[in-house]
Amino acid sequence: MDPKLINDCVHCGFCLPTCPTYTLWGEEMDSPRGRIHLMKQHVEGTPITPEMAGHFDACLGCMACVTACPSGVQYDRLIEQTRVEVEREHVRDPQERAVRGIVFSLFPYPRRLRLLRPGMRLAERMAPFLTRVHPGLGAMAALAPHVERRQRLPRVVRARGERRGVVGMLTGCVQGEFFPQVNAATARVLALEGCDVIIPPGQGCCGALSVHSGRDDQARRLARRTVRTFEQAGVDTVVVNAAGCGSSMKEYAELLGREPGFKVRDLSEFLTELGPVAKRHPLPLTVAYHDACHLAHAQGVRAQPRELLMGIPDLDLREIPESAICCGSAGTYNIFQPQAARDLGDRKAEMVGTTGAELLVSANPGCTMQIAAAMRRAGAEIRVAHTAQVLDASLRGVGL
Amino acid sequence: MLDTLVAGLRSLLPHDSVITDPVRLRTYECDGLTYHRATPGVVVLPGTAEQVARVVRLCNDFGVPFVARGSGTGLSGGALPREDGVLIVTSKMRRILEIDLDDHRAVVEPGVTNLAITEAVRDRGYYYAPDPSSQQVCSIGGNVAENSGGAHCLKYGFTVNHVEACEIVTPDGDLVTLDRMDPGYDLLGAFVGSEGTLGIATKITVRLSRAPQTVTTVLAAFESIEQGGQAVSAIIGAGIVPAAIEMMDALAIEAAEAAVACRYPEGAGAVLIVELDGPQAEVERQFAQLTEICSGAFELRVAADPAERAAIWKGRKSAFAAVGRISPAYIVQDGVVPRTSLPSVLAAIDRLSAEHGIRVANVFHAGDGNLHPLVLFDDAEPGAGERAEVVSGAILDLCIEHGGSITGEHGVGVDKSRYMPRMFSEADLDTMQLVRCAFDPRGLSNPGKVFPTPRLCGEAPGVRKGVHPLVESGKAEQF
Amino acid sequence: MLGSEVGSDAGVTVREAGADDAVSGVEPRWVALPETVEEIAAVLRACAERDLAVVPAGGGTKLHWAPPPERCDVLLDMCCMNEILEHAAGDLVVRAQAGVTMDALAAVLAGKGQELALDVPFAEDTTVGGTLAAATAGPRAFRYGIARDLLIGITVVLPDGTVARSGGRVVKNVAGYDLGKLFTGSYGTLGVIAEATFRLHPLAPDRRWVVAQLDRDELPPIAAALAASQAEPSAAEMDWADPGGPLTLAVLVEGGAAESRAEVVRGLVGRGSVTDAPPSWWGLISNDEVLVEVRFPATGTRAVLDAVAGTGLSLRGSALSGRVVLESWGAIGEPELAAAVSGLRERVEAAGGRVNVLACPYESVDRWGQVSGLPLMRRVKEQFDPGRRMSPGRFVGGI
């Protein structure tokens, strides 16, 4: 933990209302300002106590505080450094260790995830049992999506019409395995807007989950492999449709100590920069757009997805109150902190409910899974889609 | 003794609402003013007024002091905890209990943030007028304690002008409602701004204001602070009462630029933000007058929509924290001078700054002469902190000399209590303490704040001799 | 005794009191006429030494409002404290001695195009100190607040002769407790208000009144529309001399564009004439032998009008800020008034309001009703005036 970064904090408290855990509990230790204070205590010699580690673990890493901070405190870097320190110094209780072990040996590895897919239906039925073993496992099972038939994407998707660019596309681990339809839609939208889309096979996890959990070595290993893959593919822009992956990949230079040979762009960011060409067909839908933290806060991408959605004829876009507050999904958070995640999900579901929207759109599958599950708990169904899928439907003139 | 008290507190409150873990306690050691720190003996987070009352009664049983805290954003150390006392944090009491637009009022718990009230009624065309710069985080309970102002109090007044009623827990632990409508002494007026020394507000009824028909925000860039100051005088002289007149000097602009890229005109020695609001026809007339008055500005920007208005305000609202970008440490002052003294006071601050080799950035509510000099220093440099303290104190002396005040909106707290005798006579302070004695004869409610020396209730004013009994018994600290 | 001692020691003019000096029927022994703050302090010190009770008086316009004092030895007549100490026009601030009359103050301020935006009744005679001590409100309270909202600094003299100040000469100031708020509306029971500093407003370049006759039932929705109107009226006063008949509503609009805004207001009212002068009754109290103040939230307007209609009292006051006063035109007997007040109080309190009897010649009428903060108020009184020598018995709960 870099004391210089800690000292940037002037204790003004502007971060408090944006912090999901402070919103839930109203306690200083579970606010960014409080956590920075705990970091300071540690730097000044206080060992990491279980209480302290608990407050760090409770941070969702949503980075809403980074957006809110007028002093430019790099909380994102601080919490990442802290997590590394916690992993190194703090001995977790055996059950917690076991769950973390399962997650980190599973999620970053698409092939291992693939083995899991047939078991999804089963997992759903086993959820109550798993909850008794560990609430985190139960949460994992309850969120399990209905996996669609896997679509194998070609290595290259050619541009339709005049070619305006060549881009690489990240397929991601969770996105690729559980939401193949989002990747397919992304590739189609890019092609319809005039891009050759290069999809290198054998891409793995970009390293995001590991970065966000303090697993430094694993993160660097995965990042290096991803950089190699896209550098070999020879693209100068890599388009990413998952918010968490995009934000991590944009920080590769810091993680690896060198600039990768390509730019990283979120899909919506890339498309608005490129400008629309393809015809938009009307989609008469009421849509609530949810800001994924890793898109809105980590990448500062807020206006672009809204602009794209508002560009679709007949689509009625609604704003969700408290849009800056995290839904509680936060990567692996709903597995490690199931209760807090659930409370935040319920809160978000209530806010989404007030919009009266029939479709919830977000750039992060974790968020939409989380919010849809919370809405189901409250007895309200809402359809979910990724921004790419909505655009895809409009561009192709098909329903959603 | 605290151990027995803690056992009592645990019986009154849910388990997780009583904090005793030392690592956790330390996160409450200061509010927005980090210069003063004290780890509280115990922290409680009550959820209801009744729980606050019970905690206060228990403190009375044990003769233990207590301090209330909202969001912990205060800039005078008003919520500085007591190591031998209980810190009562209201951040779990944040329900908006009632909104009644027909009566133009909302009833809220003390932990509700200032901005949350406005957000709850904005889409129906109402807002809560006082708007301290920290409005998205500061709590309404804290606003009541400090009588918070904000940029728009020039036209609309302070918290005290917008609070209709408060349910308070008195320092004895009684729940009492003070209502503006009630006959008798204006205890509500005395309570608002008493910085937690007369009790704890547990339910607050605020007045909601109708949003103005039109808001016009103008950013005027001047080559020098003097020109900006002349414009301010001219605006007031013309009989215009803008909703706000704010000024920032070059150094403050630099900080804001670094923090939020506010894109104020380049090369400005001062920028003035003037906001006119009200019925469209009035605003148009005043705007015409304003552009004429600001003809000396080298650039005049008018916000065309809410987004542009927000962009103009962004630099100003983030100015305090933004100074962190250009200086490792700083002291923010809150002095007030009569508006007409602004030019001479600013010139004197300039001289002080040069004399001590300490940079001072100026951000201020120019319309009401409320200065927020940010005294910058490097805490790693030996002696810099002390020099900054000297400059900071000298600025307050300037304010007093010019017939102003040592604090316009941040409160006295623990930070400025030592300056109180420069502004008020012993008789003035003793008289104020009579109010304290009426509410809190045992001196348990936020002791050590506001007044430089405690007064033992029942003692005749002006006959204090030797060491004060409260000081001797360790209940109070002499400054 | 006092006359010779204080008079010679401090040079304070003291005269024997006469029947004209009686305070609600209680005749003092002496009348002291201090000319400086120090002289007030000298008088109060002398009274403290001899346990003499003191009632401060300004223009005497409201002296008979409160109940008679338990005792009154010295009437402190503030008429000679009549200097406007400083009008800092550039700062929109004025500092005046307590004995300055509101009209005299207004004349000086108007000279610089400014005003103290409190239009209180009896302005010709009423003083700064009396206005504060009785916390009198005027029609424009809705826009500018009442005395406590415009007061920014005060100098008071405590019963033991201590001179204390709070606030200052700047509008924005949170240093120390606000004694000004505490003394405003304290009816002379805590000490003597010696000097006051106010924030001022520029005089409006133009003013218009929209005046219309309405039926009682029509008023509540119109009042609600006016309160919510972005045309921003400064005041809306009702005059309802005969609660059997219609009432008159006069709405004030101030500003350079008053003319066009008045038309908007007329649209809200539905009818009426636009004038550039106030109606003759604007902000006045005509008959204050019996005076009942009713305060209420906006939603209580209808209930208040209904309740007043049954009392036979006439009503005047704001349709926007929830404060009206009731007057009695004919003689009203003690039991009738007591019954009227208690009936009114029951209905008004049910609507979230309060009924305070400001002036009344009878002892048996409950002037204030229940007051939640009364124990604290007694403690405040005990601290400021432990000897109960300042206007004893003239305030809430016999304070």
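Odds and ends about this structure:
- When the residues of the range B:5-40 are filtered to those that are polar (S, T, N, Q) and within 13 Å of chain A (Cβ to nearest Cβ), the one that is nearest to residue B:88 (Cα to Cα) is B:17.
- Listing of helices (runs of 4 or more DSSP H) fully contained in the range A:209-261 that carry 1 or more residues being in contact with a Lys or Arg (Cβ under 7 Å, 6 or more places away or on another chain), within 30 Å of residue A:90 (Cα to Cα) and not assigned by TED's automatic domain parsing to the domain that holds residue A:329: A:252-256
- Residue match in the range C:219-237 (condition: acidic (Asp, Glu), more than 14 Å from every other protein chain (Cβ to nearest Cβ) and more than 27 Å from residue B:157 (Cβ to Cβ)): no
- Looking only at the range B:418-442, and only at residues there that are surrounded by fewer than 23 Cβ atoms within 10 Å (Cβ to Cβ) and of a type in the set (Gly, Ala, Ser), the one that is farthest from residue B:456 (Cα to Cα): B:425
- If you go through the range C:347-374 and pick out every residue that is within 14 Å of chain B (Cβ to nearest Cβ), among the acidic types (Asp, Glu) and either farther than 22 Å from residue C:321 by Cα or touching a strand residue (DSSP E or B) at 6+ places or on another chain (Cβ under 6 Å) (or both), you end up with 1.
- Output for the range C:264-297, where each listed residue is within 14 Å of chain B (Cβ to nearest Cβ) and either touching a Lys or Arg at 6+ places or on another chain (Cβ under 9 Å) or within 29 Å of residue C:362 (Cβ to Cβ) (or both): C:265, C:291, C:292, C:293, C:294, C:295, C:296, C:297
- Hits in the range B:307-342 (condition: within 14 Å of chain A (Cβ to nearest Cβ), of a type in the set (Lys, Arg) and touching a strand residue (DSSP E or B) at 6+ places or on another chain (Cβ under 7 Å)): B:316
- Filter result for the condition that a residue is closer than 20 Å to residue C:235 by Cβ, surrounded by 19 or more Cβ atoms within 10 Å (Cβ to Cβ), more than 14 Å from chain B (Cβ to nearest Cβ) and without any contact (Cβ under 8 Å) to a residue 60 or more places away in the chain, over C:315, C:326, C:344: C:326
- Criterion (crowded, with 17+ Cβ neighbours inside 10 Å, at pLDDT below 95 and in a loop (DSSP other than H, G, I, E, B)) met by exactly one of B:259, B:322, B:268: B:268
- Being facing another protein chain (nearest Cβ under 8 Å), assigned to a loop (DSSP other than H, G, I, E, B) and closer than 21 Å to residue B:71 by Cβ is true of residue A:12.
- Restricting the range B:42-75 to residues that are among the polar types (S, T, N, Q) and touching a helix residue (DSSP H, G or I) at 6+ places or on another chain (Cβ under 8 Å), the residue that is farthest from residue B:26 (Cα to Cα): B:51
- Considering only residues in the range A:7-54 that are within 18 Å of residue B:320 (Cβ to Cβ) and among the charged types (D, E, K, R), the one that is surrounded by the most Cβ atoms within 10 Å (Cβ to Cβ) turns out to be A:33.
- Taking the criterion of being surrounded by 19 or more Cβ atoms within 10 Å (Cβ to Cβ) and not in a helix (DSSP H, G or I), the residues of the range A:171-197 that qualify are A:171, A:172, A:173, A:179, A:193, A:195, A:197.
- From C:187, C:177, residue being among the aromatic types (Phe, Trp, Tyr) and closer than 26 Å to residue B:404 by Cβ: C:177
- Selection of the range B:97-115 for residues being surrounded by fewer than 19 Cβ atoms within 10 Å (Cβ to Cβ) and farther than 23 Å from residue C:142 by Cα yields only B:97.
- All strands (runs of 3 or more DSSP E) inside the range B:51-146 with 1 or more residues being over 26 Å from residue C:321 (Cβ atoms) and away from every other protein chain (no Cβ under 12 Å): B:66-69, B:86-89
- Residue in the range A:219-236 that is buried (at least 24 other Cβ atoms within 10 Å of the Cβ) and small (Gly, Ala, Ser) present: yes
- Members of the range B:167-213 found to be more than 7 Å from chain C (Cβ to nearest Cβ), more than 15 Å from residue B:143 (Cβ to Cβ) and of a type in the set (Lys, Arg), listed by number: B:180
- Here residue A:255 clears all of (1) touching a Leu at 6+ places or on another chain (Cβ under 6 Å); (2) on the phi < 0 side of the Ramachandran plot except the condition numbered (1).
- Any hit, the range C:197-213, residues being in a loop (DSSP other than H, G, I, E, B) and small (Gly, Ala, Ser): yes
- In the range A:56-78, the residues that are part of a loop (DSSP other than H, G, I, E, B) and either free of Cβ contacts under 8 Å to residues at least 40 places away in the same chain or farther than 17 Å from residue A:10 by Cβ (or both): A:58, A:59, A:60, A:61, A:62, A:63
- Scan of the range C:348-372 for residues that are in a helix (DSSP H, G or I), touching a residue at least 24 places away in the same chain (Cβ under 8 Å) and not β-branched (Val, Ile, Thr), ordered by number: C:350
- Criterion violated by residue B:353 - all others in (1) farther than 13 Å from residue B:335 by Cβ; (2) of a type in the set (S, T, N, Q); (3) buried (at least 24 other Cβ atoms within 10 Å of the Cβ) satisfied: (3)
- Within the range A:40-55, the set of residues being more than 19 Å from residue A:12 (Cβ to Cβ) and either basic (Lys, Arg) or in contact (Cβ under 8 Å) with a residue 40 or more places away in the chain (or both) comprises A:42, A:43, A:47, A:48, A:50.
- Positions within the range C:330-340 being in contact (Cβ under 8 Å) with a residue 24 or more places away in the chain and touching a Gly at 6+ places or on another chain (Cβ under 9 Å), in sequence order: C:332, C:340
- Counting only residues that are of a type in the set (Gly, Ala, Ser) and farther than 22 Å from residue B:92 by Cα, the range B:111-127 holds 1 of them.
- In the set (1) within 25 Å of the chain's Cα centre (by Cα); (2) in contact (Cβ under 8 Å) with a residue 12 or more places away in the chain, residue B:302 fails one condition alone, (1).
- Scanning the range C:61-109 for residues that are within 18 Å of residue C:186 (Cβ to Cβ), in the same structural domain as residue C:24 (by TED's automatic domain parsing) and not aliphatic (A, V, I, L, M) gives C:61, C:62, C:64, C:65, C:67, C:68, C:69, C:70, C:72.
The values are calculated or read from the model by the stated rules, or taken from the named source; none is laboratory data. Computed from a predicted model, the values in this text were never measured in an experiment. Please note: Cβ atoms are built from the backbone with ideal geometry, for glycine as well, and neighbour counts cover all protein chains shown.
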